[in-house]
Amino acid sequence: MRWLRRNALRIYAGLAVLYMLIPIGVIAVFSFAETPKDKLNFAINDGFTLEYWQHAFGIEELNHALRTSLELAALSTLISTVIGTLMALALVRYHFFGQRASNLLIILPMATPEIVMGASLLSLFIFYSAPLGFTTLLIAHVMFCISFVVVVVRSRLIGFDRSLEEAARDLGATPVQTFRYVTFPLLAPAIIAGGLLAFALSIDDFVISNFNSGTTVTFPLYVFGVALRGIPVQVNAIATMLSIVTAAAILLVILQQRRAERLAAVRPEPEEVKVLPGPAAAQA
């Protein structure tokens, strides 16, 4: 019982993580399963095969939807990361009228149900007679990704040691050099983390995309469309690939964050002041 009390929180955390990873594990297992073609079958009756991994990109419609999702996620991540980082810098380091209201408004897109946001954006695009397609999808994805980037980068800026920047300025660095060599390297893990979060949210989004896609088909929309007649096993293989890439990216961010924390913790050691004897001190 003592051991259980000491490790109860760790056991609970491990079970929670395992529970969240079970769906990914199921998808990975069934990406190797020998299943009837064009059937929604989740029973392993005929063993395992590597056929679907060897021909993971053998369906042209699936490839087109995946390319669209990757292009959309890449563009929305780039735009939302730049805008979100600048907004976080403004909210943390500057005081202006409406700052508290801005902090509240940043959280609203995160708390608003996706179906409400998707319907609202659709009404906006229809009101301005904007044709639905890739452009409207990009605008919608950037809108809900910015908030997550701002929250991640702002949390890093709140604990940022400004004395490092002041030391660089005292040593003659210009504002641009200070940002390039001091501020940006220390903020890079948070910026990368915010960008990866935005990428994951964009490539995974279905509800908002379903409202504003028009004839454009993304990877989640394709999976939803083929679910009625049978999901190809290639979808499981591609989903497993995406999960592996995501896990590798998360590991990279963690390593970068630890490196940034070590750099931020470096402090110059104070020089020792030698005290001379009385006569020598007087002569000095």
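Here is how the numbers come out for the structure above:
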{"item": "Members of the stretch 120-138 found to be without any contact (Cβ under 8 Å) to a residue 60 or more places away in the chain and either on the phi < 0 side of the Ramachandran plot or touching a Cys at 6+ places or on another chain (Cβ under 9 Å) (or both), listed by number", "result": "SER120, SER123, LEU124, ILE126, PHE127, TYR128, ALA130, THR135"}
{"item": "Residue in the stretch 30-45 that is modelled with pLDDT under 75 and over 21 Å from ALA239 (Cβ atoms) present", "result": "yes"}
{"item": "Close pairs from the stretch 144-156: first closer than 14 Å to ASN103 by Cβ, partner polar (S, T, N, Q) and at pLDDT 90 or above, Cβ under 6 Å, at least 6 apart", "result": "ILE146/SER80; VAL153/THR85"}
{"item": "Unique match (being of a type outside the set (Val, Ile, Thr) and touching a helix residue (DSSP H, G or I) at 6+ places or on another chain (Cβ under 9 Å)) among ARG156, ARG262, ARG180, ARG229", "result": "ARG156"}
{"item": "Residue within the stretch 48-69 that is part of a helix (DSSP H, G or I), open to solvent by 70 Å² or more (accessible area, probe 1.4 Å) and within 24 Å of MET143 (Cβ to Cβ) present", "result": "yes"}
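The values are calculated or read from the model by the stated rules, or taken from the named source; none is laboratory data. Every value quoted in this text rests on a predicted model; they were computed, and no experiment measured them. Note that we place each Cβ from the backbone using ideal geometry, even for glycine, and neighbour counts take in every protein chain shown. Note: accessible area is taken over every heavy atom of the protein model, side chains too, but ligands, DNA and RNA are not part of it. Shrake-Rupley method; radii C 1.70, N 1.55, O 1.52, S 1.80 Å.
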